[in-house]
Amino acid sequence: DPEFNKQRTIDLWRTIAERYSDETAIVGYELINEPFLPYGVHYPELRDLLVRITAAIREVDTNHMIIVEGNYFAGTLEGLVPAWDDNMALAFHKYWMPTTYESIQTFVEGAAEYGLPLLMTESGENASGWYYEFASLLESNNIGWCWWGYKKVNRVSAAFNALVTTDYQYVIDNFRDLPIDATQAKNGLMEMANNLASEKCDYDPGYFASLLDSGFATVAQPFTALAIPGKIYCTDYDIGHQGVAYYDSQYKNEEGLGATSGNSGKLYRNDGVDICETTEGSGLKVGYVASGEWIRYTVTIASAGTYDITIRTASPVSTGRLQLYHDGAALTSLLSVPKSGSYEIWKSITVRSVSLPAGEHQLELRFPVGGFDIASMEFKKRK
């Protein structure tokens, strides 16, 4: 019954606090994650439980901070103030909202009114551009933050992405069913545990850059080494914020769970650029190209000279237009994207006798008129 469950929670927290009371690596205890009060249960009852848990902790631990979240999945401060402990902080969670002060205003002003520290202890599940903007917003308001999370399974919204194995997919599909093949289920669980090792995951350096690199919004950085002569896959664009490494018409999700903003293909990287599977080239393409978008690449040109460029595109129509720029200046004329019949029938655009200098430079693909997919650019030096 409810009282039994409350007392069990209180007892569990007392046991945890007793064990870790002198552990300096722990900042504090966040008592209940994302409360959501059922019908007929009101804020005073949540507050009463949090006060009782705190009292039990303080019997064995007077060192650590008490951190509390409010109703609606840590979406309100109601019932949490005024404070009932001298070492207490307020916490909230935020996802899929505009990265503006108005989105956090009630938390900032509520904490300030009662003189309490404020933490944002869970966010994420968005594009890297949103990560940068939201973390910057929090820090400009002196709010500490935690992200959810840096390692995930079959999700690009993390630094490390672990791929699901066949046997683990069996576990996902059948874990509620009986009977289940215990041998296959155990094998799937162990395979997945091994696949979560960082060195076995796909790694996206843009994740940490968006949260920790002070130059993320000002200077594009290479995603990988790109050399000319050679083939450049369009999905290997630079690391950086919207307007720095790329421009995409829907680069972040402010609409909510299930929205397709950001990387709508949800593969390879966690920016606004839409990356999808294809039979062409590396197996990945930039898809859903919209008018006005662009992508930037840092390249190393081995030697100055004249090059032929082959660009691979797919489009069911012939209205698309693209142009290639070098260090901010037009390298090609405005190019027409040929009609191929579908987004998976590929054709080549060839530009001959383009002069390029040696050294490290920036290339930029601009798309004045969208409506096509693009996979690669290949540069061959003329003899």
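The values are calculated or read from the model by the stated rules, or taken from the named source; none is laboratory data. Owing to the predicted nature of the structure, the values given are computational and were not obtained by experimental measurement. Here the Cβ is made from the backbone with ideal geometry for all residues, glycine too, and neighbour counts use every protein chain on show. Surface areas here come from the heavy atoms of the whole protein model, side chains and all, with no ligands, DNA or RNA. Shrake-Rupley method; radii C 1.70, N 1.55, O 1.52, S 1.80 Å.
Observations
- Yes/no for Thr313 being within 23 Å of Ala227 (Cβ to Cβ), outside any loop (DSSP other than H, G, I, E, B) and either modelled with pLDDT under 95 or over 29 Å from the mean Cα position of the chain (by Cα) (or both): no
- Scoring Arg19 on the criteria (1) touching a Leu at 6+ places or on another chain (Cβ under 9 Å); (2) open to solvent by 20 Å² or more (accessible area, probe 1.4 Å) leaves a single failure, condition (1).
- In the stretch 232-290, the residues that are under 22 Å from Ser342 (Cβ atoms) and of a type in the set (S, T, N, Q): Thr235, Thr260, Asn263, Ser264, Thr278, Thr279, Ser282
- Residue in the stretch 213-220 that is part of a helix (DSSP H, G or I), buried (at least 19 other Cβ atoms within 10 Å of the Cβ) and touching a helix residue (DSSP H, G or I) at 6+ places or on another chain (Cβ under 7 Å) present: no
- Check on Arg352, over 33 Å from the mean Cα position of the chain (by Cα), part of a strand (DSSP E or B), modelled with pLDDT of 95 or more and farther than 30 Å from Val164 by Cα: yes
- All positions within the stretch 130-150 that are among the aromatic types (Phe, Trp, Tyr) and assigned to a loop (DSSP other than H, G, I, E, B): Trp147, Tyr150
- Checking Ser261, Ser291 one by one, the residue that is part of a loop (DSSP other than H, G, I, E, B) and either within 17 Å of Asp202 (Cβ to Cβ) or open to solvent by 40 Å² or more (accessible area, probe 1.4 Å) (or both) is Ser291 and no other.
- Scanning the stretch 104-127 for residues that are open to solvent by 20 Å² or more (accessible area, probe 1.4 Å), at pLDDT 95 or above and not aliphatic (A, V, I, L, M) returns Gln105, Thr106, Glu109, Glu113, Tyr114, Gly115, Pro117, Thr121, Glu122.
- Close Cβ contacts (under 8 Å, 6 or more residues apart or on different chains) running from residues in the stretch 325-336 that are free of Cβ contacts under 8 Å to residues at least 60 places away in the same chain to residues that are open to solvent by 40 Å² or more (accessible area, probe 1.4 Å) and hydrophobic (A, V, I, L, M, F, W, C) are absent.
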